[in-house]
Structures are given as structure tokens and as C-alpha cells.
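The values are calculated or read from the model by the stated rules, or taken from the named source; none is laboratory data. On a predicted model such as this, the values are computed, not experimentally measured, just so you know. Because the Cβ atoms are built from the backbone with ideal geometry, glycine has one as well, and the counts that use them run over all protein chains shown. Accessible surface areas use protein heavy atoms only, side chains included; no ligands, DNA or RNA. Shrake-Rupley method; radii C 1.70, N 1.55, O 1.52, S 1.80 Å.
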Amino acid sequence: TGTGKTLAAFLSVLSSLARHAAGDGLPNAVCAVYVSPLKSLTRDIQRNLEPPLEAINAALPIKRRIRMDVRTGDTAASARSRQELRKPHLLLTTPESLNTLLCQTGWCRGGFQTSVALVDEIHALAENKRGTLLALSLERLEAQSGRPLQRIGLSATAWPVERVANLLAGSRDCYV
């Protein structure tokens, strides 16, 4: 879990974050979002991303380091407060928690400057209410970020491919 497909998708995200951090620096905002249908998977991904992120951050000045954090329904109140003050540049979350953040005042005014959203195990969301919530949240995320959102769906069993692509791409043309 969290290796192979997922790590490959994260390589370009980490590279982009590192390039921006080393250049002009990253804003106090979420720049990339990882969404998983399972809270436990977000924790696995966090553990697997820590070593490469530590290596990247070791080469950056302290004030320019990339922040990564998990936000789910069971995130402690103290962590929620810390995240609102110092937004993670890379947010690992669930569809429900992403939707909640997009509705909160402290987050919806400049808290998202997101250019990429990775959706893991997208097949588990393709034909249910959670998928509908995710699709709406991705549209809101793009609107709040004020820029086109690159959407990356990950799944070993995505079927039917067209339905999964439509969930991820919304009304845009999608290439399967």
C-alpha cells in the first residue's frame, strides 16, 4: 500500500512542491490534495511519503520546508487548530473531510491554492454518494484555488473506465 502507483503519482507532485519551495517559496495554503476513501490508507501514505519528503526538506531552508498533514474525521482539535494557522502544503484526507474544510471560513479564504488532486482507490467512490460528494468537492476546490486543477485518479480495478473518468473529470473532456 502506498507504493507503486501511488508513489509514482506523488513523484511529480513532490517535485513540483520542491521546485516552488526552493524558488519563491510556498504559500500558507494547500497546494496539493490526496483523497482516499479510507482513513487508514491516508495514514499509510503519510508514512510512505515521510522519507522522501524529509530528504527534500533537508535540502531546503527551514522556512521553506514542505508541510504535509492528515485531516480526517478523527483529527484532534489541537491538530485542526494548528492546521488552520499553518496550512499543510500537502493535505492527505477523505472526501468528507475535504468537503468540510471547503465550507469553513478559515480555509475557504485563501486556504487552498491547489494545483493537483490525487484520488486513490477511485473505483470505491465511482458509484455511490461519496463519489458525488467528491466530484462536487473537486469542483469547489478548483473554484477556490482559482486555477485549473490537475486531477489524477488511481486504481488497480477501475471499471467501467468511462464512469470513473467522468467522476474525476466532471464536465470536462476526459481521455481514457
Span from the the stretch 2-66 Cα centroid across to the the stretch 95-110 one, whole angstrom: 20 Å
DSSP-defined antiparallel bridges as percent of all bridges, the chain, nearest 5: 0 percent
Heavy-atom accessible area order for Cys31, Cys108, largest first, 1.4 Å probe: Cys108, Cys31
Over the stretch 27-121, volume per residue of the alpha carbon convex hull, in Å³: 98 Å³
Only Lys, Arg (+1) and Asp, Glu (-1) charged, at Cβ; the chain dipole about Cα centre in debye: 520 debye
Rh (Kirkwood; distinct C-alpha pairs) - the stretch 6-67, Å: 12.4 Å
Label point distance in nm, Lys5-Arg130, each placed 7 Å from Cα along Cα→Cβ: 1.5 nm
Estimated D of the chain in µm² per second, where Rh is the Kirkwood radius over Cα pairs and Stokes-Einstein applies at 37 °C, 0.692 mPa s: 202 µm²/s
Protein-only accessible surface order, largest first, of Ile56, Ile66 at 1.4 Å: Ile56, Ile66
Dipole axis of the stretch 1-157 (+1 Lys, Arg; -1 Asp, Glu on Cβ), positive-most option in Pro37, Leu11, Ser145: Ser145
Exposed trypsin sites (Lys or Arg not before Pro) absent - longest run of the chain, DSSP non-H/G/I/E/B, at most 15 other C-beta within 10 Å: 1-85
Aspartates and glutamates with Cα under 13 Å of Lys5, excluding same-chain neighbours fewer than 8 positions away: Asp120, Glu121
Theoretical ellipticity at 222 nm over the chain - DSSP helices of four or more residues, -39500 (n - 2.57) apiece, nearest 500: -15500 deg cm²/dmol
Share of alpha-carbon pairs per 5 Å distance bin for the stretch 115-156, given as whole %: 6, 23, 29, 24, 13, 4, 0
Accessible area in the full protein assembly, largest first, 1.4 Å probe, for Val33, Val161: Val161, Val33
Virtual paramagnetic centre 7 Å along Cα→Cβ of Cys103, amide N under 17 Å, in the stretch 109-132: 109, 129-132
Summed side-chain charge close to Ala22 - residues other than Ala22 whose Cβ falls under 13 Å, Lys, Arg +1, Asp, Glu -1: +3
Long-range HN-HN contacts of Leu118 with modeled amide H, under 5 Å: Val33, Tyr34, Val35, Ile152
